[in-house]
1. Which ones in the stretch 207-220 are over 16 Å from ARG177 (Cα atoms) and touching a His at 6+ places or on another chain (Cβ under 8 Å)?
2. Can you tell me which residues in the stretch 262-308 are surrounded by 15 or more Cβ atoms within 10 Å (Cβ to Cβ), touching a residue at least 24 places away in the same chain (Cβ under 8 Å) and assigned to a helix (DSSP H, G or I)?
3. Taking ASP198 as meeting all but one of (1) open to solvent by 40 Å² or more (accessible area, probe 1.4 Å); (2) in a loop (DSSP other than H, G, I, E, B); (3) not basic (Lys, Arg), write down the number of the exception.
4. What's the total number of residues in the stretch 175-199 that are of a type in the set (A, V, I, L, M) and in contact (Cβ under 8 Å) with a residue 60 or more places away in the chain?
5. Select from the stretch 79-103 the residues that are open to solvent by 30 Å² or more (accessible area, probe 1.4 Å), touching a residue at least 40 places away in the same chain (Cβ under 8 Å) and in contact with a strand residue (DSSP E or B) (Cβ under 9 Å, 6 or more places away or on another chain) and list them in ascending order.
6. Tally the residues that are touching a strand residue (DSSP E or B) at 6+ places or on another chain (Cβ under 6 Å) and either among the aromatic types (Phe, Trp, Tyr) or farther than 19 Å from GLY178 by Cβ (or both), restricting the search to the stretch 144-166.
7. Might you check whether a residue that is of a type in the set (D, E, K, R), touching a strand residue (DSSP E or B) at 6+ places or on another chain (Cβ under 7 Å) and open to solvent by 10 Å² or more (accessible area, probe 1.4 Å) occurs anywhere in the stretch 221-238?
8. Looking only at residues in the stretch 175-189 that are over 14 Å from ALA127 (Cβ atoms) and in a loop (DSSP other than H, G, I, E, B), which one is least open to solvent (accessible area, probe 1.4 Å)?
Amino acid sequence: MKRVKPTFAAVAVLLGAACTLVAVAQAPKPKRINRAIELLEQGQPIYYTGSHSGTEGGFENGKRDAQTWADYISYDMEHAPYDIKGLAEYMRGLAAGGPTKSGHRTPAVIVNVPVNGTDEGAVRANAWMFSQVLATGVHGVFLTHADTPSAVRAFVEAVRLPIHKQGVDHGISEGRRGVHGAPAAAQIWGVSQDEYLDRADTWPLNPKGELLLGLKLEDKYALANAEQNLQVPGIAIAEWGPGDMALSLGVRGPNVAEKDPAMLAARAKVFAACKANKIFFLNSMNQNNVIAMLQEGVMVGPASQQTAEIGRQHTKRQMPW
């Protein structure tokens, strides 16, 4: 029987297949859908990318950003146009461009929704925005200008499904979110609709939840209620929003966040309220101060890739990427 010598092309195909199998076998296996939560559970700080000028939505931009260096993407619609279709296409692009370097289906995405928490009525009247954003498959939401405890309660209730009972009658009432956004979001997460319903809840209030809720305590009204606002169950992250805080306190000039006594006092008050209520504090970081920030207890921050790498080395992060 005559032997057939394999061609160069055939060998190349076999080698390629073998390399693919090895890569699949060595690929990281995430424990959660939300990479940011997975890191915070390990006590690791998280670093995000994004701009207050808005995020360019769309499928191709999402596909490109799927391999981001960041632990999560801050998607801004607070001051940029509220474009839910662009966000939905962006999330589809992330899923198409994944998995991420850490093995997650998509990077975590947290959206600044253009709803100001000035009072309960304002939040309840605009709760439809939270429902639409969550239906795209994002992994968290921030409430801007979170001024009053009643507004924060309305925010948490608007985001939660009524099947989840943690914290109910202990500071919040049952969730108000409807079911019909679940199928589209489940596709982005890569799970069944039933699994999405089980996991689409706020962490760490629900230990199995995959959603991060944050507050922007960024004006003098929120500052006055900082302790009470952060006692509301369901919040994971809070920031003091130095840009808007400065305007609210009537402070202007260069580097006021680091020098002005009123600004320093505002930051200290929000930070103390976070510590008292076991909320992760968010603050900007750079290459020169990231280690000092981490030593102070800052756990979330906008950062450059270089800054993030310094921080990751300092905390001896083990998760891939």
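The values are calculated or read from the model by the stated rules, or taken from the named source; none is laboratory data. Keep in mind the model is a prediction, meaning the values are calculated, not measured. Here Cβ is always computed from backbone atoms with ideal geometry, including for glycine, and neighbour counts include all displayed protein chains. Quick note on the areas: whole protein, heavy atoms, side chains included, nothing else; ligands and nucleic acids left out. Shrake-Rupley method; radii C 1.70, N 1.55, O 1.52, S 1.80 Å.
1. LYS216, GLU218, ASP219 - these are the residues of the stretch 207-220 that are over 16 Å from ARG177 (Cα atoms) and touching a His at 6+ places or on another chain (Cβ under 8 Å).
2. Once the filter is applied, which keeps residues that are surrounded by 15 or more Cβ atoms within 10 Å (Cβ to Cβ), touching a residue at least 24 places away in the same chain (Cβ under 8 Å) and assigned to a helix (DSSP H, G or I), the stretch 262-308 yields ALA266, ARG267, LYS269, VAL270, PHE271, ALA273, CYS274, VAL290, LEU294, THR307, ALA308.
3. Failing condition for ASP198: (2).
4. Of the residues in the stretch 175-199, 3 are of a type in the set (A, V, I, L, M) and in contact (Cβ under 8 Å) with a residue 60 or more places away in the chain.
5. Answer for the stretch 79-103, where residues must be open to solvent by 30 Å² or more (accessible area, probe 1.4 Å), touching a residue at least 40 places away in the same chain (Cβ under 8 Å) and in contact with a strand residue (DSSP E or B) (Cβ under 9 Å, 6 or more places away or on another chain): just TYR82.
6. Residues in the stretch 144-166 being touching a strand residue (DSSP E or B) at 6+ places or on another chain (Cβ under 6 Å) and either among the aromatic types (Phe, Trp, Tyr) or farther than 19 Å from GLY178 by Cβ (or both): 4 in total.
7. Checked the stretch 221-238: no residue is of a type in the set (D, E, K, R), touching a strand residue (DSSP E or B) at 6+ places or on another chain (Cβ under 7 Å) and open to solvent by 10 Å² or more (accessible area, probe 1.4 Å).
8. Among those residues, the one meeting the criterion is VAL179.
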